[in-house]
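What follows is one structure encoded as structure tokens, with my remarks underneath.
The values are calculated or read from the model by the stated rules, or taken from the named source; none is laboratory data. For clarity, every value in this text was computed on a predicted model and none was experimentally measured. Positions of Cβ are backbone-derived with ideal geometry, glycine not excepted, and every protein chain shown enters the neighbour counts.
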Amino acid sequence: MRYFIAFMLLFCTNITFAQVNTEEKFKELLEVASQKNKTIECNFTQTKKIKNIRQPIIADGRFYYDNNRLMAMIYNTPKGDKVIMSQDSFTVIAGGKKMVSESSSNPMMAQISYMMQACMSGDVTKLGRGWDMDISEQSLGYMIKITPTDRRVQKYVNAMLMYFDKSDLTLDKLRIEERNDCYTEYEFKNKQLNGKLDKSVFNIE
């Protein structure tokens, strides 16, 4: 029996060591890649599953990232809709109406903004704030599963899954798993790195 216990302890220790190595490896690679990637411009597709609606709602548009902690999602459908994220605020323009949330007053939006900024900028210290994080290496990239520990966020979000391309450590997909089997998923494709961005995309007017 004592040999079995010793084996299990060694086995569990090896798993933990591998997990720590994967996490540290990913953080280092992400930080290096993010220092190289000053801007990102790409297409995105948003898929949203809402309770009591059979078919998911599909939207698409253009995503912009500037390493000065600015992000924008400009929708083609619905036309005119925007999401603008900065270090301090989260602005949504939908159906001609504008909603501005300060990060300090909206914990869920703040956490999403922190995570997006962390993953794009390589500042992974923000990923651990208010979340439990698990990182796994896959054949084509890395997957991070983040579950909220903040009870205010738990009311809305069960977990977030983030998939990164192994070749350049850019975000391929973000899936937000919400309550009642609902979810919102973003896929990012046709990425252009380090190009010149039109700064007007970050305007909230």
With respect to GLU137, is the statement that it is closer than 20 Å to ASN68 by Cβ and modelled with pLDDT of 75 or more true? no
What's the total number of residues in the range 158-191 that are more than 20 Å from LYS27 (Cβ to Cβ) and either in a helix (DSSP H, G or I) or more than 13 Å from the chain's Cα centre (by Cα) (or both)? 10
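Scan the range 135-157 for residues that are part of a strand (DSSP E or B) and closer than 22 Å to ALA33 by Cα and jot them down. Even if it seems obvious, please write down each step before you answer.
Filtering the range 135-157 for residues part of a strand (DSSP E or B) gives 135-137, 141-148, 157.
Within the range 135-157, ILE135, SER136, GLU137, GLY141, TYR142, MET143, ILE144, LYS145, ILE146 meet the criteria.
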Could you list, in sequence order, all residues of the range 186-205 that are buried (at least 17 other Cβ atoms within 10 Å of the Cβ) and either of a type in the set (D, E, K, R) or under 29 Å from TRP131 (Cα atoms) (or both)? TYR186, GLU187, PHE188, LYS191, PHE202
Kindly indicate whether SER113 is modelled with pLDDT under 75, assigned to a helix (DSSP H, G or I) and more than 15 Å from the chain's Cα centre (by Cα). no
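Residues are listed down the side, and each one gets a yes or a no for (1) more than 19 Å from the chain's Cα centre (by Cα); (2) at pLDDT 85 or above; (3) under 27 Å from LYS199 (Cα atoms):
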{"site": "MET8", "(1), (2), (3)": "yes, no, no"}
{"site": "ASN14", "(1), (2), (3)": "yes, no, no"}
{"site": "ASN21", "(1), (2), (3)": "yes, no, no"}
{"site": "ILE40", "(1), (2), (3)": "no, yes, yes"}
{"site": "ILE50", "(1), (2), (3)": "yes, yes, no"}
{"site": "GLN55", "(1), (2), (3)": "yes, yes, no"}
{"site": "TYR65", "(1), (2), (3)": "no, yes, yes"}
{"site": "ALA72", "(1), (2), (3)": "no, yes, yes"}
Any chance you could count how many residues in the range 133-170 are in contact (Cβ under 8 Å) with a residue 24 or more places away in the chain and among the basic types (Lys, Arg)? 3
THR147 being at pLDDT 85 or above, under 11 Å from the mean Cα position of the chain (by Cα) and of a type outside the set (A, V, I, L, M, F, W, C): no
